[in-house]
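The values are calculated or read from the model by the stated rules, or taken from the named source; none is laboratory data. This is a predicted model, so every value here is computed, not measured. Note that we place each Cβ from the backbone using ideal geometry, even for glycine, and neighbour counts take in every protein chain shown. Surface areas here come from the heavy atoms of the whole protein model, side chains and all, with no ligands, DNA or RNA. Shrake-Rupley method; radii C 1.70, N 1.55, O 1.52, S 1.80 Å.
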Amino acid sequence: MRPLLHLDRVTKRYGAVTVLHDVDLTVADNEFLTILGPSGSGKTTVLRVIGGFEAIDSGRLMFDGQDLAPVPINRRPFNTVFQDYALFHHMTVFENVAYGLRVRRTPREVVASRVEAVLATVGLEKFGARYPAQLSGGQRQRVALARAIVCAPRIILLDEPLAALDVELRAQMQRFLKDLQRRLGIAFVFITHDQEEAIALSDRIVVVRDGRLDLAGTPAPLYRRPRPAFVASFFGENNLVAGVLGQRSGERCRVDTALGSLIASAEGLDVPVGTAVIVAVRPEHVAFGPGTDNALAATVSEVRFLGANVMIELSVDGHAEPLKVRRLADQAAAAIAPGDRVTLGWSAAD
Ligand code: ADP
Ligand code: MG
């Protein structure tokens, strides 16, 4: 993938507060890149900096090898879909979408054909004459998208565009967005605080915390090997157990914890014996009965049915937080009740 946009050690301050610290980020041509992070972590600020709505305090923004500093907002090859859509309520759908082209003094016939084509792309060809107030939330969302794509940007910036939609519509819009991105063949930089959404949509995910980019990766390895611990705690549910790194052999290591010695994967781990580390294991990777590498006695404290799955919480001596186990809601799971004494097991690779 060719890097199209590069944020090179970008720092942004509001007064005395630094909200982006030395952010390094590349966006490749045609990729669906997601910036994932909790509220207040700096996600919107990253987009506003790229879009040119905020000046930066240090660092550089490069697009296709060119410094963007002297390029004003309306000349940058990006369009933004804002969190609140920011539609013009006194204009029809057609006029909302046409606006960006008219500002660029596009000939009238070109405007008409281009707007119609873009409205068809987002499935709103019959809605050109309506006003935003006469549309559903999902339709308004698509108008905002049409407005962003009509000027043929190289990158579309989307700030939590699905946050306001209900669950069903949200799933539908996720599929629509992903499909649209493929059809257009341009890069999307998408913001969300929802990790499932990030996993479902992205080619690459960047996790941001307190104005720092923690890491970037493709969804599956990031889910399977989240590092550091913040990512493990934020990126999906995890059981986290603090300990000290003991002996390692090959790709496995021993970690001494309050729960006893645990055997964990040491893949890619480059810290010396004696270092404080955190063992993470996903609830879906813990089974009942001793595992190949780890076995732990526990007491069931709570059983929650979640439809296809059941989430079981267990207490373990020496660990304040309950451990979580996710199982298919089959007959074996249905027999589990609070107070049961059980053995939990998982493999080092998990
Ligand atoms: P996110 O989108 O991840 O929720 P933001 O990028 O909006 O986070 O904000 C990051 C931090 O910057 C927050 O602490 C926020 O309060 C602060 N911030 C955002 N905009 C401004 C502003 N215009 N002036 C001062 N502080 C701001
Ligand atoms: Mg935000």
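Any idea which residue in segment 139-192 is farthest from ligand 2 (Cβ to nearest atom), counting only those that are closer than 16 Å to LEU87 by Cα and open to solvent by 40 Å² or more (accessible area, probe 1.4 Å)?
ARG142
Quick check on GLY40: is it within 16 Å of ligand 1 (Cβ to nearest atom) and at pLDDT below 95?
yes
Quick check, is ARG225 touching a His at 6+ places or on another chain (Cβ under 7 Å), under 30 Å from HIS6 (Cα atoms) and either modelled with pLDDT of 90 or more or surrounded by fewer than 16 Cβ atoms within 10 Å (Cβ to Cβ) (or both)?
Judged against the criteria, ARG225 is not a match.
Just one of (1) on the phi < 0 side of the Ramachandran plot; (2) charged (D, E, K, R); (3) open to solvent by 10 Å² or more (accessible area, probe 1.4 Å); (4) within 16 Å of ligand 1 (Cβ to nearest atom) trips up GLU197, so point out which.
Single failed check for GLU197: (3).
So that you can scan it fast, the table gives a plain yes or no per residue for (1) surrounded by fewer than 20 Cβ atoms within 10 Å (Cβ to Cβ); (2) of a type outside the set (A, V, I, L, M); (3) free of Cβ contacts under 8 Å to residues at least 60 places away in the same chain; (4) assigned to a strand (DSSP E or B):
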site	(1), (2), (3), (4)
GLU237	yes, yes, no, no
VAL244	yes, no, yes, yes
GLN247	yes, yes, yes, yes
SER261	yes, yes, yes, yes
GLU267	yes, yes, yes, no
VAL271	yes, no, yes, no
GLY274	yes, yes, yes, no
VAL277	no, no, yes, yes
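In segment 301-314, what residues are buried (at least 16 other Cβ atoms within 10 Å of the Cβ) and more than 28 Å from the chain's Cα centre (by Cα)?
Those that are buried (at least 16 other Cβ atoms within 10 Å of the Cβ) and more than 28 Å from the chain's Cα centre (by Cα): VAL303, LEU314.
Could you list all residues from segment 61-95 that are charged (D, E, K, R) and within 16 Å of ligand 1 (Cβ to nearest atom)?
Answer for segment 61-95, where residues must be charged (D, E, K, R) and within 16 Å of ligand 1 (Cβ to nearest atom): just ASP84.
Here's the yes/no breakdown for (1) away from ligand 1 (no atom under 15 Å from the Cβ); (2) within 15 Å of VAL208 (Cβ to Cβ):
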| residue | (1), (2) |
| --- | --- |
| THR11 | no, yes |
| VAL17 | no, no |
| ASP29 | yes, no |
| THR45 | no, yes |
| ARG48 | no, yes |
| GLY51 | no, no |
| GLY59 | yes, no |
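Which one of ALA163, ALA98 is in contact (Cβ under 8 Å) with a residue 24 or more places away in the chain and assigned to a loop (DSSP other than H, G, I, E, B)?
It is ALA163.
Kindly provide the set of residues from segment 315-350 that are in contact with a Pro (Cβ under 7 Å, 6 or more places away or on another chain) and within 23 Å of ARG224 (Cβ to Cβ), ordered by number.
Correct list: LYS324, VAL325, ARG326, GLY345.
Give me a count of the residues in segment 67-114 that are of a type in the set (Lys, Arg) and open to solvent by less than 30 Å² (accessible area, probe 1.4 Å).
Residues meeting the conditions: 1.
Just give me the residues in segment 34-74 being more than 16 Å from ligand 2 (Cβ to nearest atom) and not in a loop (DSSP other than H, G, I, E, B), in sequence order.
SER58, GLY59, ARG60, LEU61, MET62, PHE63, GLN66, ASP67, ILE73, ASN74
Can you list residue pairs whose Cβ atoms sit under 7 Å apart, with the first residue in segment 27-51 being free of Cβ contacts under 8 Å to residues at least 40 places away in the same chain and charged (D, E, K, R) and the second being outside any strand (DSSP E or B) and open to solvent by 10 Å² or more (accessible area, probe 1.4 Å)? Count only pairs 6 or more apart in sequence or on different chains.
ARG48/GLU54
Taking segment 82-95 on its own, how many of its residues are among the charged types (D, E, K, R) and either touching an Asp or Glu at 6+ places or on another chain (Cβ under 6 Å) or not in a loop (DSSP other than H, G, I, E, B) (or both)?
Residues that pass the stated criteria total 1.
Against the condition in contact with a Pro (Cβ under 8 Å, 6 or more places away or on another chain), part of a helix (DSSP H, G or I) and closer than 18 Å to LEU158 by Cα, how does ASN79 come out, does it pass?
no
What is the residue count in segment 193-210 for residues that are in a loop (DSSP other than H, G, I, E, B), in contact with a strand residue (DSSP E or B) (Cβ under 6 Å, 6 or more places away or on another chain) and within 16 Å of ligand 2 (Cβ to nearest atom)?
0
Would you confirm, using the coordinates I've provided, whether THR18 is free of Cβ contacts under 8 Å to residues at least 60 places away in the same chain, more than 16 Å from ligand 2 (Cβ to nearest atom) and among the polar types (S, T, N, Q)?
For THR18, the condition - free of Cβ contacts under 8 Å to residues at least 60 places away in the same chain, more than 16 Å from ligand 2 (Cβ to nearest atom) and among the polar types (S, T, N, Q) - is not met.
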